[in-house]
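Before any comments, here is the structure.
The values are calculated or read from the model by the stated rules, or taken from the named source; none is laboratory data. Please read all numbers here as calculations on a predicted model, not as lab measurements. Counting neighbours? That spans all protein chains shown, and the Cβs are built from the backbone with ideal geometry, glycine included.
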Amino acid sequence: MSGDQKATTTDARTDTLSWPDRFRQLAQQARDTRLKAFYEAGCVAPETPVKDVPFVALDFETTGLDPNQHSIVSIGLVPFTLDRIQLGGSRHWLVKPQLPLHQTSITVHGITHTDIYEAPDLAEVLDDILASLAGRIPVVHYRNIERPFLNVAVKWRTGEEIWFPVIDTMAIEAHLHPNRQPNWWQKLRGQQPVSIRLADSRLRYGLPHYPPHNALVDALASAELLMAQVQHHFSPETPIGDLWL
Amino acid sequence: MQAELIEIRNHLAQHAPFDEMPEETLDKVVSSIEIAYFRAGAEILKFGERNAYLHYIRSGAVEMYRRSGELYNRLGEGEIFGQYGLLMSKTVRFPVKAIEDSLIYLIPEEIFQYLWENDDNFTDFVEVEDRSRLRSALSRREKSNQPMTARVTRLISREPVTAPNTVRLQEAARIMTEQGVSALLLMDESSDQPRLSGIITDRDLRTRALSEALPSETPISDIMTDGLITTTTNAFIFEAMLTMLHNNVHHLPVMENDRVRGVIALSDIVKHESQSSLYLVSNIYHQQDVKGLKQLSKEVPNTFVRMVNEDANSHMIGSAMAGIGRSFSQRLLELGEEKLGPPPVPYCFMALGSMARDEQLVVTDQDNAMVLDDSFDPAQHDEYFLALAKFVSDGLAACGYAYCTGDIMATNQKWRQPLKVWKEYFADWIENPKAEALLNSNIFFDLDGIHGRTDYTEELKGFIAGKASNSQRFLAMLARNALNRTPPLGFFRTFVMEESGKQAKTFNLKRRGTAPVSDLIRVHALACGSKAQNTFNRLKAIGETKLIPEDGVDNLRDAFEFIAIVRIRHQALAIEAGREPDNNVRPEDLSPFERSHLKDAFQVVSQAQKFLRFRYNAQVGRNVG
């Protein structure tokens, strides 16, 4: 899901523990076997150079923007490292939303009632999803969708929450363009505000236009964007701890 | 493949060699793809490194280099690289660098191998040698044009009608009427094996017998045509057509070894190739004045377009157009002689340049000259020949063959000279070669007698062939001139790419394409003492002497054919669109097929120029665009 919304929720926990330590702790605490296995796969140390980090680009299409009111409709993910995206490992699932599909969201992602009629409940594919995420750092464009939605969905089905670090390619763009609104002088000269939406951000790196609003294609688009961001603004040696949130 | 990746599949499906792949195969390719991103300036493939992927440019642009660091190619969206290494040694032969931020789809070698083994179109496209790719492209084209490649036997509808050559005129006419044929073959039956000795046609009966009021008892051998022009059973219809065009005959006996299998008439071919160039040519000879010829000349572009649409190859089209031009000249000379009276001394009217090479197209000017008998006396005779030359030249101009800007026309006194003076000219060009002067006289080394004492031209051809092959300085100078015009390196997006890396909007397919080839082939042909004029025939002659290795000959032939046919099609399209045809091409006017194979052809020409420089030790002169 890509959007230009301001980050309204802060990350739920501001533990002093590092992510690898938290994963070890969570692995012990988790009662659900699927979650346990996810945590046991571990998390790379914050000082790991980004070139050595296994990533997974993740994107959801949802019925709306509020995880407590809306549901996930589809999930796309693509495993990758900074030098290679493996299309062969990409996955896409349609899942049955718990809440009604709004006409407005249909117009956005194009998934209709007929499509999801046959779709499984997220619980049935949770195994697969968690296995695909295990041991990898998720990459999203706009962190306030995927993590909170997955958290609510997992909690609703297992009674437990799920925690993991993410790389947010939109946050990276926001960081690179702190003054996105042109000042009065620039406005006078016709300067447009800098957009950090997924498609617009990709343009700045010479990445091709992909049709938006398909979870798998958007995931792929964010994976490519991160590759480009690191090559242009960071280094393969940049520690992952500098980028994750 | 995940159905959601259809966007990637669609992109591949728009570009060769993926554009003709079945969907299941494409799905297999997409599922295997790995994606990499390279910033502008980043090295993608290093020389000698192992490469296990076919690279497909999804966005951005790259440059390929030779090992020497010389620019080899510039590629953009939808183009592939890395196949050379995959096919050969699995190591990189041409290093590649991103010149823009580039997103590359990588297709692993197992899939490449699979495609290579299972998809012929893919295999053709990624062939290691550019040359073989060009050949397969040409042969695919040829396979698809059945009508033009039909053999003459298809036109033979009956056993030949023959008579002994001892029959009398009336008997011959009776046989022809009874059998309903327009030509009768006359056999010499004096030996055990009857032998074809002559032919008599309806037209002959009219012009040679009736109009002369010959007695019906006249022996047929008195008026029959002997020294027959024939064709063979394995000849193509277009070849028979060219033979008719060239010799202005309307009937051709078809021979199988020493036996006559049948006769084909002009009308048979006209029926087969209705509205063909032959029809136009036969009409030319029926015109009684310049006005009539001018009217008829408006048909020339249509005939040209028709041949292109029938998928004729460049040799057929070039010969047919030259045949038409030759016929206009011949008819004008006949009309001129009718008007001015018979020539005071014998002479030969020569065609020069593309007409002489049988490589004429629609955009052409007239290049001609006169070789006069050595008894020519300027004071007494030149007035006549100037008037005749002027009549022909003006007539040609009226028929769309523009005056030669370099004044290489028989109207120029310098090019209206006795045979002995022509020999002096050629001796001087060959024995005292000067680059500048040779540049202007190049055109005289493509010559063909088209009217009158054509043996004068044959004598000159022999004279040139004898002298040229022995003059290393002349050949070196000619080679140097042949290197003045080079082909472009290739194309990049909407630009023409030069070896220097510079880009241009258009290029001239004649100056940068066909002309460099015919120039360099002329040098080799003169070096091996060939009297052939046509580029393909010269190549054949060169091949026989082993002056260039055999595959070199084949490659050049393919390259020339391909460039020529693209040029021809470009002109045909302009004519159909109601535009003035020319030789300037913009890359966006070319199909992806044409672009990719033109690049291969340019490569061949470039190699051939390097060989020419080396072979004749030619110093490189100035560069003419």
(1) surrounded by fewer than 19 Cβ atoms within 10 Å (Cβ to Cβ); (2) among the polar types (S, T, N, Q); (3) more than 10 Å from chain A (Cβ to nearest Cβ) all hold for B:Ser31 apart from (3)
Among all residue pairs at least 6 apart or on different chains, which show Cβ distances below 7 Å where the first residue, located in the range B:17-28, is in contact (Cβ under 8 Å) with a residue 24 or more places away in the chain and the second is surrounded by 15 or more Cβ atoms within 10 Å (Cβ to Cβ) and among the polar types (S, T, N, Q)?
B:Pro17/B:Asn121; B:Glu20/B:Asn121
Let me confirm something: among B:Lys546, B:Lys599, which residue is under 25 Å from B:Asn534 (Cα atoms), buried (at least 16 other Cβ atoms within 10 Å of the Cβ), of a type in the set (Lys, Arg) and outside the structural domain of B:Val308 (by TED's automatic domain parsing)?
B:Lys599
Residues in the range B:5-23 that are polar (S, T, N, Q) and within 14 Å of B:Phe125 (Cβ to Cβ) total 0
Condition test on B:Ala209, is it part of a loop (DSSP other than H, G, I, E, B) and more than 30 Å from B:His315 (Cβ to Cβ)?
no
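Out of the range A:83-93, which residues are facing chain B (nearest Cβ under 9 Å) and either over 15 Å from the mean Cα position of the chain (by Cα) or among the acidic types (Asp, Glu) (or both)?
Step one: of the range A:83-93, the residues facing chain B (nearest Cβ under 9 Å) are A:83-88, A:90-92.
Within the range A:83-93, A:Asp83, A:Arg84, A:Ile85, A:Gln86, A:Leu87, A:Gly88 meet the criteria.
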Residues of the range B:62-87 being more than 24 Å from B:Ala13 (Cβ to Cβ) and part of a loop (DSSP other than H, G, I, E, B), in sequence order, are B:Arg66, B:Arg67, B:Ser68, B:Gly69, B:Glu70
Out of the residues in the range A:211-238 that are over 20 Å from B:Arg39 (Cβ atoms) and crowded, with 16+ Cβ neighbours inside 10 Å, which is modelled with the lowest pLDDT?
A:His213
Checking the conditions here, which among B:Glu49, B:Glu20 is modelled with pLDDT under 90 and within 35 Å of the chain's Cα centre (by Cα)?
B:Glu20
For the range B:177-198, name all the residues that are crowded, with 20+ Cβ neighbours inside 10 Å and under 16 Å from B:Ile156 (Cβ atoms).
B:Ala183, B:Leu184, B:Leu185, B:Leu196
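Determine whether A:Gly206 is touching a Gly at 6+ places or on another chain (Cβ under 8 Å) and more than 21 Å from A:Phe60 (Cβ to Cβ).
Spelling it out, A:Gly206 is indeed touching a Gly at 6+ places or on another chain (Cβ under 8 Å) and more than 21 Å from A:Phe60 (Cβ to Cβ).
Does B:Thr177 qualify as being modelled with pLDDT of 90 or more and part of a loop (DSSP other than H, G, I, E, B)?
Taking the combined requirement at face value, the residue does not satisfy it.
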Return the residues of the range A:198-214 that are within 13 Å of A:Ile172 (Cβ to Cβ) and at the interface with chain B (Cβ under 10 Å from one of its Cβ atoms); say none if nothing qualifies.
A:Arg202, A:Arg204, A:Tyr205
Looking only at the range A:127-145, how many residues end up being part of a loop (DSSP other than H, G, I, E, B) and within 14 Å of A:Ile172 (Cα to Cα)?
2
Looking at the range A:154-164, which of its residues are surrounded by 19 or more Cβ atoms within 10 Å (Cβ to Cβ) and among the charged types (D, E, K, R)?
none
Somewhere in the range A:165-177, is a residue within 14 Å of another protein chain (Cβ to nearest Cβ) and crowded, with 18+ Cβ neighbours inside 10 Å?
yes
Pick out the one residue from B:Gln366, B:Gln330 that is within 22 Å of B:Gln288 (Cβ to Cβ), in contact with a Leu (Cβ under 6 Å, 6 or more places away or on another chain), in the same structural domain as B:Tyr285 (by TED's automatic domain parsing) and in contact (Cβ under 8 Å) with a residue 12 or more places away in the chain.
B:Gln366
Conditions: (1) in contact with a Pro (Cβ under 7 Å, 6 or more places away or on another chain); (2) of a type in the set (Phe, Trp, Tyr); (3) outside any helix (DSSP H, G or I). B:Phe94 meets all but one. Number of the miss?
(1)
If I ask for residues that are away from chain A (no Cβ under 13 Å) and surrounded by fewer than 20 Cβ atoms within 10 Å (Cβ to Cβ), which ones from the range B:44-62 would you list?
B:Lys46, B:Phe47, B:Gly48, B:Glu49, B:Arg50
Out of (1) assigned to a helix (DSSP H, G or I); (2) more than 25 Å from B:Leu475 (Cα to Cα); (3) of a type outside the set (Val, Ile, Thr), what's the single condition that is false for B:Leu556?
(2)
The range B:246-276, subset in a helix (DSSP H, G or I) and within 16 Å of B:Arg331 (Cα to Cα), residue modelled with the highest pLDDT:
B:Asn247
